[in-house]
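Novice: Next up is a structure, given as structure tokens.
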Amino acid sequence: MHVRQQRPDTALAFLATPTDVFAVPGDAVAQSAARYRDRSGAARVLAALSGGRLLRPNYPDGADPGIADSLVPQQGPNYALAKRIQRWRASVARREGVTVSFAVAPPTRTRSVTANRLLAAAYAGAHLFGVEVFEPATSSRLMAALLVHQLRKPRPAAPSAWVDETIGAAHGGLWRVAYQPRTALGLAALRGLPSA
């Protein structure tokens, strides 16, 4: 805030975590629903045997927008709050006419993620559910290019803050997977444990 008062032309930049809760457009919900309808017989049996605790559909039918809940409890409440404050700050600044670069970064094999064995295992098995986990160098380059684009071509605030958050989102497929991430996380971790 102080810097912006001294230099009003200052732009703000934020990277959002994909492991948060976002409102997502109807086309993401539709693709997720199609994937859920086309799930394998083994997935259907596993969901039934778990009493509905595993492999639940990612969204209710016809949701528009849908709510993608990808919070990972292992990251803790402080992390979630810190990332939420960034989102709030980006939204407020954009409404005030400030140039803001805000983008959802892809799931990435960072040191902080791979230091937690459960998260490392879940990331190693995430591909089974259609989630692409990026290498740090790839994420850095992708997000740097998006930052430059958003700063060179600023746009006005959308009527709804959630729409601003979806533009340029590199969620790695989390918004379009068939299952609620927390109902598949344990299975991904089991599959990925040997390679984590």
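Novice: If you take every DSSP beta bridge fully contained in the chain, what fraction is antiparallel? Give it as a percent rounded to 5. Present the calculation step by step, with values, prior to reporting the outcome.
Specialist: Numbers: 5 of 11 bridges.
So the antiparallel bridges in the chain amount to around 45 percent.
Novice: May I pose another question? Report the net charge of residues surrounding T108, where surrounding means a beta-carbon distance below 15 angstrom and charges are Lys +1, Arg +1, Asp -1, Glu -1.
Specialist: Cβ neighbours under 15 Å give a net charge of +1.
Novice: Let me ask another. I'm checking a number: the convex hull volume of the Cα atoms of the chain, normalised per residue, in Å³. What is it?
Specialist: Residue-normalised Cα hull volume stands at 123 Å³.
Novice: Using the number of other C-beta atoms within 10 angstrom as an exposure proxy, rank R111, R4 with the fewest first.
Specialist: The most exposed by this proxy come first: R111, R4.
Novice: A further question on this structure: In the neighborhood of D27, defined by Cβ-to-Cβ distances under 11 Å, what is the net charge if each Lys or Arg adds +1 and each Asp or Glu adds -1?
Specialist: Overall, the nearby charge balance is 0.
Novice: Can you tell me the length gained on complete extension of the stretch A158 to R84, counting 0.36 nm per residue apart and subtracting the Cα distance?
Specialist: 24.8 nm
Novice: Calculate the length of the line joining the C-alpha centroid of segment 3-78 to that of segment 125-196, in whole Å.
Specialist: Spelled out, the Cα-based centre of one part sits 10 Å from the other.
Novice: Hey, another quick one. Quick one: order S160, S139 by neighbouring beta-carbon count within 10 Å, fewest to most.
Specialist: Going from least to most buried by this count: S160, S139.
Novice: Can you give the extra length, in nm with one decimal, that the chain gains between H2 and E135 once fully stretched, where that is 0.36 nm per residue apart less the Cα-Cα distance? Present the calculation step by step, with values, prior to reporting the outcome.
Specialist: Values: separation 133, 0.36 × 133 = 47.88 nm, distance 3.51 nm.
Extra length from H2 to E135 when fully extended: 44.4 nm.
Since every read-out is calculated from the coordinates, none of them should be taken as a lab result. Remember, it's a predicted structure, so these values are computed and weren't measured experimentally. Positions of Cβ are generated from backbone atoms using ideal geometry, with glycine treated the same way; all protein chains shown enter the neighbour counts.
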